[in-house]
Amino acid sequence: MRRLLLAALLALPFVPAARAEYPERPIRMIVPFPPGGVTDVVARVTAERLTADLGQQVIVENKAGAGSVIGAEAVAKSAPDGYTILFTTPAHTINAALRVSMPYDTQKDFAPIAIIGQVPMLLVAHPTLPVNDFPGFVDYARKNPGKINVSHAGNGTLPHVTMELLMVKEHMQVTNVPYRGAAPALADLVAGQVQAKLDTYATSAQFLADKRLKPLAVTSAKRLKQLPEVATVMENVPGLEGYLWMGIVAPAGTPQAILDRLAAATRRAVALPEVQARFDKDGVEPVGSGPDEFGAQIAKEIVQWRELAKTTKITVD
C-alpha cells in the first residue's frame, strides 16, 4: 500500500512553491544626511506613505558623513533585493564629478527609481548690498571682482557649485565662503558678515518678511508663487536652473519588477493631496518622475559638473 501511495505521489506534476510578493519584510531607506533638514523631512513623509502603500514598514536610517558618500556606499554595497534603498540629492551627481576618489561608481552601482520632489534655490542678499535684482548682482560682481562674499554650506554642496557655474556663465567673480552647514552660513548672512547666499524660500522666508534679507533671483524654471515679483535666473541666463531634488535609488542589479513597484508606489505617494500640502509647507515642488527620466537627469548633471570642474579646477577631498 505504501509503495502504491509513493508511486502516486511521484506521478503528480511538480508545482514549485509560490514566490511571495515583494516586499516581505521592512525596507531600510538610507538618508545620507543628518536628521532635521528638508531632505530628512521629505524622506520621512515619503517613507510613511510608502509604508501604507507597500504594506511593510519603510524605516528611515540617517547615515551621514563625507558629503553623503558614507550612506551611499552602504547602499551601493547592499544586496540588490529592494530592502535597502538610498534617498539622495544632487550630492549624488556632484560627488561623482568633483571628488578625487569614490568607493563606488554613481552610474554603474545604482539603479534610479524616482525623483520625489525638488526645491529651487533663492539668491538672497543682505540689505547693505547695493543691488536689488539678478542683473544688478551680476553687474556689481563684474565691476567689483571678489568683493561680494557668498556663504555656502561647504565645498561641493549644491549652492557652492551652482554659484561657481553662475560665475563661469556670467563672467563675474565673487568670493565663495564655505561654512560647516547651511545654518551658520545663513546666520552670518543675516548678521552682515557676508553679502549673499543661495538659500531656499523655506529657510529665508522669515528674514525676507522682516526685511533682514532681500531676494534677488530664484533658480526655478518658473517664478515662485510666494515671490511672484522675483525673476528667475533663467530669465537672464537661458537654460540655467538649479534644484535641490530629492530622489530614491537602489543598488544596481535590483530586479526590474521591484524597481517598478517602488516607482509606482512613489508616484502614488507624491500624488496624494496631503503629501503635496505637506511639501508646499516647506517649499517643495512635487515631481514623481520615473526611472528613465531620473537616470537621464543623473547622467546630464554628472556631465555638467565634470565640465565645471575642468573649467574651474575645483575638487572635493
* Failed condition for ALA125, given (1) within 19 Å of THR232 (Cα to Cα); (2) modelled with pLDDT under 95, with all others met? -> (2)
* Asked: For segment 293-308, does any single residue satisfy the condition of being open to solvent by less than 60 Å² (accessible area, probe 1.4 Å), in contact (Cβ under 8 Å) with a residue 60 or more places away in the chain and of a type in the set (Asp, Glu)?
  -> yes
* Is it the case that ARG223 is surrounded by 16 or more Cβ atoms within 10 Å (Cβ to Cβ), charged (D, E, K, R), at negative phi and at pLDDT below 95? -> yes
* Under 7 Å by Cβ, and 6 or more places apart or on different chains, what pairs join a residue from segment 121-134 that is free of Cβ contacts under 8 Å to residues at least 12 places away in the same chain with one that is not charged (D, E, K, R)? -> PRO130/TYR140
* To do: Quickly run through segment 127-154 and pick out the residues that are part of a loop (DSSP other than H, G, I, E, B) and within 26 Å of GLN206 (Cα to Cα).
  => PRO127, THR128, LEU129, PRO130, VAL131, ASN132, ASP133, ILE148, ALA153, GLY154
* **Candidates GLY253, GLY239 - the one that is farther than 24 Å from THR200 by Cα, in a loop (DSSP other than H, G, I, E, B) and open to solvent by 50 Å² or more (accessible area, probe 1.4 Å)** => GLY253
* Boolean, PRO135 is at pLDDT 95 or above and over 20 Å from VAL233 (Cβ atoms) -> no
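So which residues in segment 154-163 are buried (at least 19 other Cβ atoms within 10 Å of the Cβ) and touching a residue at least 24 places away in the same chain (Cβ under 8 Å)? Full working, then the answer.
Here is the first cut: in segment 154-163, the ones buried (at least 19 other Cβ atoms within 10 Å of the Cβ) are 156-163.
Within segment 154-163, GLY156, THR157, LEU158, PRO159, VAL161, THR162, MET163 meet the criteria.
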* To do: Test ALA309 against the criterion of being at pLDDT 95 or above and either part of a helix (DSSP H, G or I) or more than 16 Å from the chain's Cα centre (by Cα) (or both), and give yes or no.
  => no
* To do: Please list, ordered by first then second residue, the pairs with beta carbon atoms under 6 Å, 6 or more apart or interchain, first in segment 85-101 and over 15 Å from ALA114 (Cβ atoms), second part of a loop (DSSP other than H, G, I, E, B) and among the β-branched types (Val, Ile, Thr).
  => ALA96/THR106; LEU98/THR315; VAL100/THR315
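Hey, could you check segment 175-189 for residues that are surrounded by 16 or more Cβ atoms within 10 Å (Cβ to Cβ) and over 17 Å from ASN132 (Cβ atoms) and say which is nearest to the chain's Cα centre (by Cα)? Reasoning before the result, please.
From segment 175-189, those surrounded by 16 or more Cβ atoms within 10 Å (Cβ to Cβ) are 176-177, 179, 182, 185-186, 188-189; that's our starting set.
Imposing the further condition that a residue be over 17 Å from ASN132 (Cβ atoms) reduces the set to 176-177, 179, 182, 185-186, 188.
Details: ASN176: 21, VAL177: 22, TYR179: 19, ALA182: 15, ALA185: 19, LEU186: 20, ASP188: 24 Å.
Applying the filter and picking the extreme gives ALA182.
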* Could we say that VAL124 is under 19 Å from SER220 (Cα atoms), among the hydrophobic types (A, V, I, L, M, F, W, C) and part of a strand (DSSP E or B) here? -> yes
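When only residues in segment 20-74 that are open to solvent by 20 Å² or more (accessible area, probe 1.4 Å) and among the polar types (S, T, N, Q) count, which is nearest to PRO286 (Cα to Cα)? Spell out the reasoning first.
Of all residues in segment 20-74, those open to solvent by 20 Å² or more (accessible area, probe 1.4 Å) come to 20-22, 24-26, 28, 33-38, 41, 44-45, 48-49, 51-53, 55-57, 59-67, 70, 73-74.
Checking which are among the polar types (S, T, N, Q) leaves us with 51, 56-57, 62.
Details: THR51: 19, GLN56: 23, GLN57: 22, ASN62: 22 Å.
So, considering only residues that are open to solvent by 20 Å² or more (accessible area, probe 1.4 Å) and among the polar types (S, T, N, Q), the one nearest to PRO286 (Cα to Cα) is THR51.
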* Asked: Taking interchain pairs and intrachain pairs at least six residues apart, which have beta carbon atoms under 9 angstrom, with the first residue in segment 250-275 and farther than 15 Å from ILE27 by Cβ and in contact (Cβ under 8 Å) with a residue 24 or more places away in the chain and the second basic (Lys, Arg) and open to solvent by 80 Å² or more (accessible area, probe 1.4 Å)?
  -> ALA252/LYS108
* Asked: Does PRO103 count as at pLDDT 95 or above, surrounded by fewer than 22 Cβ atoms within 10 Å (Cβ to Cβ) and part of a loop (DSSP other than H, G, I, E, B)?
  -> yes
* Which residue pairs have Cβ atoms closer than 7 Å, lie 6 or more positions apart in sequence or on different chains, and pair a first residue in segment 190-215 that is under 15 Å from ASN149 (Cβ atoms) and open to solvent by 10 Å² or more (accessible area, probe 1.4 Å) with a second residue that is of a type in the set (Phe, Trp, Tyr) and at pLDDT 95 or above? -> VAL190/PHE207
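The values are calculated or read from the model by the stated rules, or taken from the named source; none is laboratory data. Only a predicted model underlies this, so the values are computations on that prediction, with no experimental measurement involved. Note that each Cβ is placed from the backbone with ideal geometry, even for glycine, and that neighbours are counted across all protein chains shown. Just so you know, the surface numbers come from the protein's heavy atoms only, side chains and all, with ligands and any DNA or RNA stripped out. Shrake-Rupley method; radii C 1.70, N 1.55, O 1.52, S 1.80 Å.
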